[in-house]
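Remarks on the structure that follows.
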Amino acid sequence: MSKLYFIVGSQDLYGEECLAQVARDAAEMTEFLNGALSGDVTVELLPTVIDSKTCIADCRTANNDDECCGVITWMHTFSPAKMWIKGLQELQKPLLHLHTQANERLPYDTIDMDFMNLNQSAHGDREYGFILARMGIRHEVAAGYYRNPSVIARIRRFADVAKAMAYGKDLKVAAFGNNMREVAVTDGDRVESQIRYGWEVNYYGIGDLTDEIEKVTEDEIDAQMAEYEASYTMATSRIDAVREQAKYELGLKRFIEKNEIGAFTDTFQDLHGLRQLPGLAVQDLMAQGIGFGPEGDYKIAAFSAVLMKMAEGRQGATGFIEDYTYDLTEGEELELASHMLEVPPSFAASRPKIEVHPLGIGGKEDPARLVFDGVTGEGIQVTMVDMGTHFRMICADIELVKQPQEMPNLPVARIMYRHKPDFATGTVEWCYAGGAHHSVVSTALTREDIALFAELTGTELIVIG
Ligand code: MN
């Protein structure tokens with residue numbers, strides 16, 4: 001499990017007794033935070049910062065611990081901020097400034113100068129906040145009594161975002177083939193992606209993948225078919241087409257494991273050695289947390305993997321989708337979002353069906369795919385585009401709704417949603433912002449999660465809703 005380090009600031013001006021109390025309070029807070037955040041992240045206390053040397057040592061401990069995804073800091077007493085400069089300069093992990101106190105209520109009857117010197121985060125946290133602002137260090141601030149549910153919720157959000165960022169730092173993305181010919185928005189600066197988010201995006205020839213696929217045995221395909229039948233309803237008699245996808249999935253899995261890949265792209269324009277466009281195979285891999293981007297869209301492949309990681313353990317669905325077509329009935333406008341095949345089954349409102357239909361693009365054999373109607377509920381749609389000088393994220397509020405009528409001839413999975421605050425505003429702003437037709441839709445994540453990710457990664461964010 002991921003870990004947050006807790007670093008408490010003080011100084012030696014107040015004597016040993018005061019520092020001993022600081023350490024006791026910090027230990028009690030750490031214990032409480034561990035309980036409150038259990039299942040999500042663990043919290044470990046580092047030595048109290050009393051000078052520049054202890055601060056540097058603490059920050060280096062956080063940097064050098066691969067399990068550590070972020071750092072929480074809090075000033076119990078005043079902790080002169082020049083002591084923090086050199087440590088913070090080295091700190092490479094996401095930072096949460098917890099603006100709190102060990103005590104909730106003031107002890108009005110007994111408060112004296114000793115108490116006030118010991119419990120002065122209103123003073124010390126401002127000194128600390130100044131140096132973070134002065135140094136331009138990206139961070140989150142959570143304010144309030146540390147046991148309050150709203151403060152815990154904010155720390156938990158920080159932990160989820162920090163975990164997703166750490167996941168991104170380790171993420172390898174395989175691009176099978178290149179970006180779809182002539183398409184602009186799916187392309188981007190892979191070097192900048194790695195500098196900013198850590199995503200290692202590398203090209204592989206489709207032949208490297210088909211080599212793995214060719215090694216798959218009939219027994220392995222039988223086992224994969226049994227897994228499909230356990231999760232999905234077989235609604236086709238064309239079993240050979242389904243077995244073909246099972247073979248692709250097993251080959252992809254082997255390739256992914258061998259190369260430690262967390263997300264991948266393919267393109268229907270480069271499928272040499274494959275008889276079908278991977279459909280069911282990709283859908284089932286997305287269900288296992290693997291990021292995917294079609295048409296060579298490496299950004300959405302990586303971003304969807306990162307956001308699935310951020311949403312881990314929460315209720316709701318998160319995954320890749322493509323804007324497709326509208327119902328423009330005035331005042332009741334709806335969008336139908338889908339893809340050629342590759343809609344993640346996390347969006348399924350009920351048990352998905354495996355079907356085989358022709359694909360009118362790419363000139364390949366009829367591919368097997370999962371078909372289902374989408375989940376409902378409040379959600380967000382978020383995408384990332386490369387503006388040439390920087391990446392931009394666009395996050396729009398949406399409401400996923402039940403499709404108004406059956407669509408018996410539509411051979412792909414789909415979701416439907418309403419734009420907020422209304423169709424015109426939502427879509428006009430998306431167009432002005434240069435939002436892509438590929439995005440991640442989530443009913444588990446909120447605009448605040450995305451805003452924090454944008455803040456901590458230094459990414460431009462436009463919100464619509
Ligand atoms: Mn597409």
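Across the stretch 97-211, the convex hull enclosing all Cα atoms gives 155 Å³ per residue. Calculated FRET efficiency, residue 53 to residue 184, Cβ-Cβ distance, R0 = 56 Å: about 0.60 to the nearest 0.05. Remark: the stretch 172-464 carries a charge dipole of roughly 260 debye about the Cα centre, counting +1 on each Lys and Arg Cβ and -1 on each Asp and Glu Cβ. Of the chymotrypsin sites (Phe, Trp or Tyr not before Pro) found in the stretch 102-148, those in coil by DSSP whose Cβ has at most 15 other Cβ atoms within 10 Å are 108, 145. Considering only DSSP states other than H, G, I, E and B, which GluC sites (Glu not before Pro) in the stretch 229-308 qualify as loop sites with at most 15 other Cβ atoms within 10 Å? In loop regions of the stretch 229-308 (DSSP not H, G, I, E or B), the sparsely surrounded GluC sites (Glu not before Pro) are 260.
Each of 136, 359, 111 was scored by the projection of its Cα onto the charge dipole of the chain, and the greatest displacement toward the positive side belongs to 111; charges sit on the C-beta of Lys, Arg, Asp and Glu. For residue 420, the lysines whose Cα comes closer than 28 Å to its Cα, not counting residues fewer than 8 places off in the same chain, are 299, 309, 402.
When +1 charges are put on Lys and Arg Cβ atoms and -1 charges on Asp and Glu Cβ atoms, the dipole computed for the stretch 3-162 relative to its Cα centre reaches about 660 debye. Counting only lysines at least 8 places from residue 53 when in the same chain, those with an alpha carbon closer than 27 Å to its own are 3, 82, 86, 93. In the stretch 218-329, the ratio of gyration radius to Kirkwood radius, Rg to Rh, stands at 0.99 when only Cα atoms are counted.
The distance between label points at residue 405 and residue 63 comes to 6.3 nm (points 7 Å beyond Cα on the Cα→Cβ vector). Each residue, residue 147 and residue 326, gets one label point 7 Å from its Cα in the Cβ direction; the gap between the two is 5.3 nm. A 1.4 Å probe run over the protein chains yields, for the chain, 43 Å² of accessible area per residue, whole-number rounding. Here the accessible area is traced with a 1.4 Å probe on the protein chains. For the chain, carbon and sulfur cover 49 percent of it.
Over the Cα atoms of the stretch 3-162, what is the Rg over Rh ratio if Rh follows Kirkwood? Can you show the working numbers first?
Values: Rg = 14.7 Å, Rh = 15.6 Å.
Looking at the stretch 3-162, the ratio lands at 0.94.
Estimated from helical segments only, the mean residue ellipticity of the chain at 222 nm is -12000 deg cm²/dmol, where each DSSP H run of four or more residues counts as -39500 (n - 2.57). With R₀ set to 45 Å, the beta-carbon distance separating residue 260 from residue 422 gives a calculated FRET efficiency near 0.50.
Sorting the Cα pairs of the chain by distance into bins of 10 Å, from 0 upward, gives 4, 19, 26, 22, 15, 9, 4, 1, 0 percent per bin.
The values are calculated or read from the model by the stated rules, or taken from the named source; none is laboratory data. Please read these numbers as outputs of a predicted model, since none were measured by experiment. Because the Cβ atoms are built from the backbone with ideal geometry, glycine has one as well, and the counts that use them run over all protein chains shown. The area values use the complete protein model at the heavy-atom level, side chains included, leaving out ligands, DNA and RNA. Shrake-Rupley method; radii C 1.70, N 1.55, O 1.52, S 1.80 Å.
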